[in-house]
Amino acid sequence: MSDTQAVTPLLELIGIRAGYGTIDVLHGVDLKVLPGTVYALLGPNGAGKTTTLGVASGQIHPQTGSVLLTGHEVNGVSPDRLARAGVCLIPEGRGIFPNLTVEENLRMCTYAGVSYREVQERAFTQFPRLRERRAQVAGTLSGGEQQMLAMSRALATDPAILMLDELSMGLAPIIVGELYEQVATLAHAGLSILIVEQFAREVLGVADEAAIMLHGRIQRTGPPAEIAEELTAAYLGIS
Ligand SMILES: Nc1ncnc2c1ncn2[C@@H]1O[C@H](COP(=O)(O)OP(=O)(O)OP(=O)(O)O)[C@@H](O)[C@H]1O
Ligand SMILES: [Mg+2]
């Protein structure tokens, strides 16, 4: 995209400093997710990626800086209200109910005014494997199937921005590839997506913009192809 300046980002973080109690984790984070695009935030263990998503979803209040949703400041707005405004986070570990069946998990997310029938239909159309496993207890699904269920639950709420924390964690490359195809499809349909990953290069195949985070700072941002080249250096500590 060439005229990025003219487009109001769906989500924007400006100068975010945040942490836990007296521990500072983010030291001035800026990022923009433009409408209908995929932004990949990459970085090693402890870089501050999950904390960034916590700030963006209203779970962590920044000490300084602004969180903007379609240009409106939403600092201090509760996670619930942000969720109703279309901010949807799939947390690390996927946030499904392991003791409930696939169908029961889907039934739990119909508060957004979408009927259960429609939630189920969308889920099973997008991920046919879930239809076969509808009566299975979610905790016994494969990791990839659990991620499909988590994505189905998220999409049932008709989000404006979907945030995914380590989509590929613990999954075989072929499954990761399948999930990323779905991510690309969703982005083409207009959804804005912010994805956090440690290292997965697959995400760079679908991202429009990528960034490397180290020690609570975004070190580098740019087109995915350029970021791919820099990833190795970043992880080896060469700057
Ligand atoms: N609840 C918490 N209380 C105190 N410190 C925390 C808390 N959660 C995270 N931290 C610290 O904040 C830093 C950043 O953690 P964060 O979870 O954001 O990293 P991450 O980039 O998501 O790492 P990973 O790739 O391992 O998930 C780490 O040093 C971590 O120990
Ligand atoms: Mg994390």
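Throughout, read-outs are computed from the coordinates displayed, never taken from laboratory work. This is a predicted model, so every value here is computed, not measured. When we count neighbours, we look across all protein chains shown, and the Cβ atoms used for this are built from the backbone with ideal geometry, even at glycine.
What the table below lists for this structure:
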quantity: Order by protection proxy (mean Cβ within 10 Å, highest first), peptides 143-151, 20-28; calculated: 143-151, 20-28
quantity: Additional length obtainable on full extension of the chain from residue 189 to residue 215, 0.36 nm per residue less Cα span; calculated: 6.0 nm
quantity: Using alpha-carbon coordinates, inclination of helix 224-236 to the longest axis of the chain, degrees; calculated: 70
quantity: Where labels lie 7 Å past Cα in the beta-carbon direction, separation of residue 23 and residue 7 in nm; calculated: 3.6
quantity: DSSP beta bridge pairing in the chain, given as percent antiparallel to the nearest 5; calculated: 55
quantity: Gain on full stretching of the segment that runs from residue 75 to residue 108 - 0.36 nm per residue minus C-alpha separation; calculated: 9.1 nm
quantity: Helix axis angle, 116-126 relative to the chain longest principal axis, alpha carbon, degrees; calculated: 70
quantity: R0 of 25 Å, Cβ-Cβ distance residue 174-residue 137: FRET efficiency to nearest 0.05; calculated: 0.55
quantity: Acute angle (nearest 10 degrees) that the helix 143-155 long axis makes with the longest principal axis of the chain, alpha-carbon atoms; calculated: 80
quantity: Electrostatic dipole magnitude of the chain [Cβ: Lys, Arg +1; Asp, Glu -1; Cα centre; debye, to 20]; calculated: 540
quantity: Extreme residue, positive dipole direction of the stretch 1-123, given options 99, 55, 114 (C-beta unit charges); calculated: 99
quantity: Dipole of the chain, positive direction: furthest Cα of 7, 22, 233, with charges on the beta-carbon; calculated: 22
